[in-house]
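The block underneath contains the structure these notes are about, expressed in structure tokens.
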Amino acid sequence: MSEQLNKDTYFATPVYWMDKPEWIKPLIKSTNAYIQKAKKNNQIFIKERYKKTKDKSDHGIVHHSTTLINKSEFKTFQDFIAMTSGNILDDQGYALKEYELFVTEMWVQEFAKAGGGHHRLHIHWNGHISGFYFLKTNPETTSQPMFYDPRPGKSQIDLPLKDGSKVTEASSQIQFIAQPGRLMFFNSFLPHLYTVDNGYEPFRFIHFNCQVFPKNVLRKGQ
């Protein structure tokens, strides 16, 4: 028996990141056409908004591409995402022998040149691993991702912080630095958002979601 107060930490929520700067230039080149097409499609909305507001800019818009999944120019990236996501779930203790992981969603986004682009707080339902790869950012002037404590019980009875500038076990939100070439992974249940971007510099990133399926279900569907 020990009279000393011991401490063990359980139910932690990890966020993973690494830097892959060698992908920046080729993926910017590969995503340019998708962003241009997204901007062209958004002209319909901008024209309709102009009738009401006389605003010809793209203020507040997120230029969202069509899917990048299974496109040849993104194969190396997609394969790496799938492999790393599977390794993360395995390391977390999940038994995946009878399961198979797929990248189920992948797209590129660029926030409005006129500013106002953002993401509201959300999770990715029916997924297991999500993440970002940052292509065009400035850590000091562009939008930043923020993550929130996923435990509803904590938010229900939370207390004031002694020092909100410090990351502690009492923190309910964390802001990460989005810099070009940074790749992030996290469990899809983790609530996250993007702060409002002022449009001072381009902000572009690839977003992806992965899902695990039972192999017996896949076999039955074949």
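Data overview
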read-out	value
For the stretch 101-222, Kirkwood radius (reciprocal of mean inverse C-alpha pair distance, Å)	16.2
Lys, Arg +1 and Asp, Glu -1 on Cβ, resulting dipole of the chain about Cα centre, debye, nearest 20	1220
Positive-pole candidate from Q144, S57, I69, dipole of the stretch 40-192, charges at beta carbon	S57
Label point 7 Å beyond Cα of M18 along Cβ direction - residues of the stretch 80-95 with amide nitrogen under 20 Å	80-94
Computed lengthening from S155 to H118, 0.36 nm per intervening residue step minus Cα-Cα distance	11.0 nm
Dipole of the stretch 1-152, positive direction: furthest Cα of H118, P21, G131, with charges on the beta-carbon	H118
Charge-dipole axis of the chain as Lys and Arg at +1 and Asp and Glu at -1 on Cβ define it, positive-most pick from N32, C210, T9	N32
³J(HN,Hα), Karplus 6.51/-1.76/1.60, whole Hz, each residue of the stretch 147-156, x for Gly, Pro	10, 10, 4, x, 8, x, x, 5, 5, 5
Computed over the chain, Cα set: Rg, Dmax in Å	20.0, 75
Crossing angle, helix 75-91 versus the chain [Cα axis fit, 0-90 degrees, rounded to tens]	20
Least to most buried among I129, I35, I177 (fewest other Cβ within 10 Å first)	I177, I35, I129
Neighbour-count ranking [beta-carbon atoms within 10 angstrom, fewest first] of M146, M106	M146, M106
Segment D90-Q36, extension gain: residue separation times 0.36 nm, minus the distance between their alpha carbons	15.6 nm
Mean separation of Cα contacts under 8 Å (6+ apart) over length of the stretch 103-222, as relative contact order %	52
Length-normalised contact order for the chain - Cα pairs under 8 Å, 6+ apart - percent	31
Proximal charge balance of S143 [Cβ under 12 Å; K/R count +1, D/E count -1]	-2
Distance (nanometres) between label positions extended 7 Å along Cα→Cβ at I28 and A170	4.3
Given charges at beta-carbon only (K, R positive; D, E negative), |dipole| of the stretch 135-190 in Debye	120
The chain: angle of helix 24-53 to the longest principal axis, Cα-based, in degrees nearest 10	70
Computed magnitude of the charge dipole of the stretch 105-222 (debye, nearest 20; Cβ of K, R +1, Cβ of D, E -1)	500
Taking K162, K154 and counting other C-beta atoms within 10 Å, the order from fewest to most	K162, K154
Separation in nanometres of the label points that stand 7 Å from Cα toward Cβ, at D79 and I44	3.6
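Every number in this text was worked out from the coordinates using simple rules, so none of it is lab data. Note that the structure is predicted; figures quoted are calculated from it, not measured. When we count neighbours, we look across all protein chains shown, and the Cβ atoms used for this are built from the backbone with ideal geometry, even at glycine.
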